[in-house]
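Novice: One structure, pasted below without further comment.
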Amino acid sequence: MATVSHPVFARVYERLSVAMDRAGTAEHRRALVAGLSGRVIEVGAGNGRMFPHYPATVTGVLAVEPEPRLRAAALRAASAAPVPVRVVDGLAEALPAGDGEFDAAVVALVLCTVPDQAVALAEVARVLRPGGQLRFLEHVAAEEPGRLRRVQRLVDATLWPTLFAGCHTGRDTVAAIGAQGFVIDDLLRFRFPATSNGPSSPCVRGRAVRPATADPG
């Protein structure tokens, strides 16, 4: 069993995620999983806001979420999902799945919070079949050096991770994905909200492939 508990953040996030989806995140979620098929693992499923967007070509989703309150919400959301979803406890750094078990992996607003991105991404590579896809939607370090990147470093070194369940705003997640052997073949950089210059506003949405020759071990 995972030992992650952020009860205050979980309560806030349940409301915040609904507001974010209404403000445009839902469209990004829909685009993120468009065209997926076969078996999918969703790492850090939260309260299940991704579930309604999976296309009918997905035969099943294993949704991994370690936070108890959010996992309970995900279980409720799974009952109304358009595809079969099984919600389980588990950590990104030790996914409860076998090698090469999935056709695709989905991470949405997750890689900013994991304690070790490299280990988590290595686990994603392990459970994907050769040629499997990683779909990612994350907020990341500002692309250009300057004031915003300095602000990100400051908040990450102070209260932001404590207030937001381990979230770090200044991670170079795109580079971390590439460092684990994934080949990124689609990448969109954007701000959310579009007019914001806040530390969590720089975002990416993309697709990467685990090469057939990759060794996830």
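Novice: Restricting to segment 139-158, and then to whatever is farther than 19 Å from F190 by Cα, part of a helix (DSSP H, G or I) and aliphatic (A, V, I, L, M), can you tell me which residue is least open to solvent (accessible area, probe 1.4 Å)?
Specialist: Looking at residues that are farther than 19 Å from F190 by Cα, part of a helix (DSSP H, G or I) and aliphatic (A, V, I, L, M), I get V155.
Novice: While we're looking at this one, here's another question. So which residues in segment 121-138 are part of a helix (DSSP H, G or I), touching a Leu at 6+ places or on another chain (Cβ under 7 Å) and open to solvent by less than 20 Å² (accessible area, probe 1.4 Å)?
Specialist: Of everything in segment 121-138, those that are part of a helix (DSSP H, G or I), touching a Leu at 6+ places or on another chain (Cβ under 7 Å) and open to solvent by less than 20 Å² (accessible area, probe 1.4 Å) turn out to be V124, V127.
Novice: Take segment 187-209 and flag every residue that is open to solvent by 50 Å² or more (accessible area, probe 1.4 Å) and either more than 16 Å from the chain's Cα centre (by Cα) or among the small types (G, A, S) (or both).
Specialist: R191, P193, A194, T195, N197
Novice: Okay, moving on. Output yes when any residue across segment 167-179 is in contact (Cβ under 8 Å) with a residue 60 or more places away in the chain and outside any helix (DSSP H, G or I), and no when none is.
Specialist: So far as segment 167-179 goes, yes, one or more of its residues are in contact (Cβ under 8 Å) with a residue 60 or more places away in the chain and outside any helix (DSSP H, G or I).
Novice: Which residue out of G198, G100, G170 is under 27 Å from T57 (Cβ atoms) and of a type outside the set (S, T, Y)? Give the derivation first.
Specialist: Numbers: G198 fails: under 27 Å from T57 (Cβ atoms); G170 fails: under 27 Å from T57 (Cβ atoms).
Matching residue, one of G198, G100, G170: G100.
The values are calculated or read from the model by the stated rules, or taken from the named source; none is laboratory data. All values derive from a computational prediction rather than experimental measurement. As a convention, Cβ positions derive from the backbone with ideal geometry for all residues, glycine included, and neighbour counts pool all protein chains shown. What goes into the accessible areas is simple: the full protein's heavy atoms, side chains included, and nothing from ligands, DNA or RNA. Shrake-Rupley method; radii C 1.70, N 1.55, O 1.52, S 1.80 Å.
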